[in-house]
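Right, one structure below, let's go through it.
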DNA sequence: GGGAGAAAGTGGTATATAGTGGTTCGCCGG
DNA sequence: CCGGCGAACCACTATATACCACTTTCTCCC
């Protein structure tokens, strides 16, 4: 289970540390994909396969399904953790998320998200809005 | 069952004592999450897992679900009790609850809450207001 | 009621490891 | 054959965590 948030540097080659807490949960193949909110997602094999299956069984004749499929697979990349615990983020994915020299890595349960500090700040503002939270949580009925 | 309230110091590394009364009830994994009122919640495993499952099964393509997932998981952390009976509260969670050098730990039945002294004072004022209590609690029909 | 002992609470220090940056080696292209 | 780019390796620095020692408070026994 991926939890918490971390700030890490991205060097000019696009290398970024995977927070140590997450590393032992990422032993198998890792998939890096474009997220839905100007961010990136890091998926362990199981999570990626489950998305793959759901998207694949969607109708080919549905234009939206085709677009979703393109979005997910054309931007996806299988990456490895190097001997120092880093992954290499391809240039085109860094551009998608506007990553420069720093990134915020966020645990969201079964996956990770990578954000530019600015985008995360904006996102966080929204998340800390107490009133909307009341509505969000109401759906959960905790 | 967690009952009562305690005042404890938080050192500059974010370490805080778990009141001795609560410690033997917190043997398994412990989860620290953001609460609903600028406070933190300490949950035993079972309680957190039930939240995890409900949030995880929500759709990835639903923006509200994504935000809810971020809100809950990015502000959560699995923590351990060290050999001295303390837990380490990550910086971002101390910020959420405005914790500096002291915290109030409150038992609320199946969980604990951690408050900054100021926030607790405000909360306590409300709780001690007998007249509005009568009205508010009447609506609950216990 | 007082004293002693044990447990709870606090703070500091050292060390392992996480994190960062640089350099070299190899491969591919010109 | 030479040059450039990319990837892996290596070494250093910073930080987090685990360990240790001390103080204070509470409880039990005399």
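Does residue B:113 qualify as being away from DNA strand C (no atom under 14 Å from the Cβ) and surrounded by fewer than 12 Cβ atoms within 10 Å (Cβ to Cβ)? Step through it out loud before you land on a result.
Numbers: away from DNA strand C (no atom under 14 Å from the Cβ): yes; surrounded by fewer than 12 Cβ atoms within 10 Å (Cβ to Cβ): no.
For residue B:113, the condition - away from DNA strand C (no atom under 14 Å from the Cβ) and surrounded by fewer than 12 Cβ atoms within 10 Å (Cβ to Cβ) - is not met.
Identify, by number, the condition in (1) modelled with pLDDT of 90 or more; (2) outside any strand (DSSP E or B) that residue B:7 doesn't meet.
Here residue B:7 meets the rest and fails (2).
How many of the residues in region A:25-44 are surrounded by fewer than 18 Cβ atoms within 10 Å (Cβ to Cβ), away from DNA strand C (no atom under 16 Å from the Cβ) and under 18 Å from residue A:3 (Cβ atoms)?
Number of matching residues: 0.
If the requirement is being out of contact with any helix residue (DSSP H, G or I) (no Cβ under 6 Å at 6 or more places or on another chain), at pLDDT 90 or above and not in a helix (DSSP H, G or I), which of these qualifies: A:106, A:42? Give the steps one after another, and end with the answer.
Numbers: A:106 fails: out of contact with any helix residue (DSSP H, G or I) (no Cβ under 6 Å at 6 or more places or on another chain).
From the options A:106, A:42, the qualifying one is A:42.
So how many residues does region B:45-75 have that are farther than 20 Å from residue B:1 by Cα, surrounded by fewer than 16 Cβ atoms within 10 Å (Cβ to Cβ) and out of contact with any helix residue (DSSP H, G or I) (no Cβ under 8 Å at 6 or more places or on another chain)?
4
Based on this model, can you work out whether residue A:104 counts as surrounded by 13 or more Cβ atoms within 10 Å (Cβ to Cβ), within 11 Å of chain B (Cβ to nearest Cβ) and within 16 Å of DNA strand D (Cβ to nearest atom)? Show your work before the answer.
Numbers: surrounded by 13 or more Cβ atoms within 10 Å (Cβ to Cβ): yes; within 11 Å of chain B (Cβ to nearest Cβ): yes; within 16 Å of DNA strand D (Cβ to nearest atom): yes.
The answer is yes for residue A:104.
Residues checked against (1) more than 16 Å from DNA strand D (Cβ to nearest atom); (2) more than 14 Å from residue B:114 (Cβ to Cβ); (3) touching a residue at least 40 places away in the same chain (Cβ under 8 Å):
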site: B:2; (1), (2), (3): yes, no, yes
site: B:6; (1), (2), (3): no, no, yes
site: B:20; (1), (2), (3): no, yes, yes
site: B:29; (1), (2), (3): no, yes, yes
site: B:37; (1), (2), (3): yes, no, yes
site: B:55; (1), (2), (3): yes, yes, no
site: B:70; (1), (2), (3): yes, yes, no
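Report whether or not residue B:22 is modelled with pLDDT of 90 or more and either away from chain A (no Cβ under 14 Å) or over 21 Å from residue A:2 (Cα atoms) (or both).
Working: modelled with pLDDT of 90 or more: yes; either away from chain A (no Cβ under 14 Å) or over 21 Å from residue A:2 (Cα atoms) (or both): yes.
Yes, satisfied.
Identify all residues within region A:76-93 that are away from DNA strand C (no atom under 14 Å from the Cβ) and either closer than 18 Å to residue A:45 by Cβ or buried (at least 19 other Cβ atoms within 10 Å of the Cβ) (or both); write none if there are none.
Residues of region A:76-93 away from DNA strand C (no atom under 14 Å from the Cβ): A:76-80, A:90-93.
Of everything in region A:76-93, those that are away from DNA strand C (no atom under 14 Å from the Cβ) and either closer than 18 Å to residue A:45 by Cβ or buried (at least 19 other Cβ atoms within 10 Å of the Cβ) (or both) turn out to be A:76, A:77, A:78, A:79, A:80, A:93.
Considering region B:45-98 alone, what residues qualify as being more than 30 Å from residue A:51 (Cα to Cα), part of a loop (DSSP other than H, G, I, E, B) and more than 9 Å from chain A (Cβ to nearest Cβ)?
Residues satisfying the conditions are B:80, B:81, B:82, B:83, B:84, B:85, B:89, B:97, B:98.
The values are calculated or read from the model by the stated rules, or taken from the named source; none is laboratory data. Everything numeric here is computed off the predicted structure, so don't read it as measured data. Every residue, glycine among them, receives a Cβ derived from its backbone with ideal geometry; neighbour counts consider all protein chains shown.
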